[in-house]
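Since the structure comes first, as structure tokens, the remarks are kept for the end.
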Amino acid sequence: MNKLIVTDVFGHNSALENLINSLDGDIDVVSPYTTEQSFDDDNDAYQYFTKHLGFEGYCQMLSHKLKSYRGESVSILGFSVGAAALWWFAGQEVSKNLSITGGLGFYGNQIRHFTELTPNFPMTLIVPKFEPHFSVNQLKTDLAGKAQLTVESCDYLHGFINSKSVNFNQTGYQAYLNRLALLSRDQCFSESSTVVE
């Protein structure tokens, strides 16, 4: 099974590479940038992303990449804007024609703008305990009852897995990394909630 990570606004960097090296199997990456970027903070990264690509552009980039897997199974892991792009794609008709085994999205806050979508493949969303711009509880309510969707709350903030983020949390990072690392190369990322440490 192919595995794909869809990055946050920081893109493919050394922090993400450390995470990838802890996981089993070959992992491909979709990043909003062709080269590694260096940002001072989360806001700097978000402003750069918005100016140079934007959410719609990232969704199209992901869509193009996923279509290249036609006929091959793929499991997807997304972070922040990458999780939101994954959610957007999961709700598109074209996703029904691909062999996507499932997706796992961490703190995809832009999902709140697309709650009318229902995923066409199994999805697990990990939502933070708090977001400053919207109610996480309202998002969970808006998504409740959707087929093929599991929403899991965590005790950490948006960005807790990215060591470049101001909200990085070593305890949270290690806990979720341990869950992901226990998956075998033929298990889908969305199965991480069923893994017992």
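Throughout, read-outs are computed from the coordinates displayed, never taken from laboratory work. No experiment lies behind these values; they were computed from the predicted model shown. Cβ atoms come from the backbone with ideal geometry, glycine included; neighbour counts cover every protein chain shown.
Assorted remarks:
- Calculated FRET value between Y33 and K140, using beta carbons and R₀ = 30 Å, to 0.05: 0.45
- Distant-in-sequence amide H partners of K3 (H built 1.01 Å from N, under 5 Å): D28, S75
- Nearby lysines by direct alpha-carbon distance to K67 (threshold 19 angstrom, same-chain neighbours under 8 apart not counted): K3, K96
- Principal axis dimensions, the chain - Cα atoms, whole angstrom, descending: 40, 38, 35
- Considering only L62, T118, V6, the residue lying farthest towards the positive end of the dipole of the chain is T118, judged by Cα position with unit charges set on Cβ.
- For the stretch 2-189, the Cβ-based charge dipole about the Cα centre amounts to some 440 debye (Lys, Arg positive; Asp, Glu negative; other atoms uncharged).
- The chain - share of DSSP beta bridges that are antiparallel (%, nearest 5): 5 percent
- Distant-in-sequence amide H partners of V151 (H built 1.01 Å from N, under 5 Å): L125
- Normalised convex hull volume, the stretch 12-91, alpha-carbon set, Å³ per residue: 103 Å³
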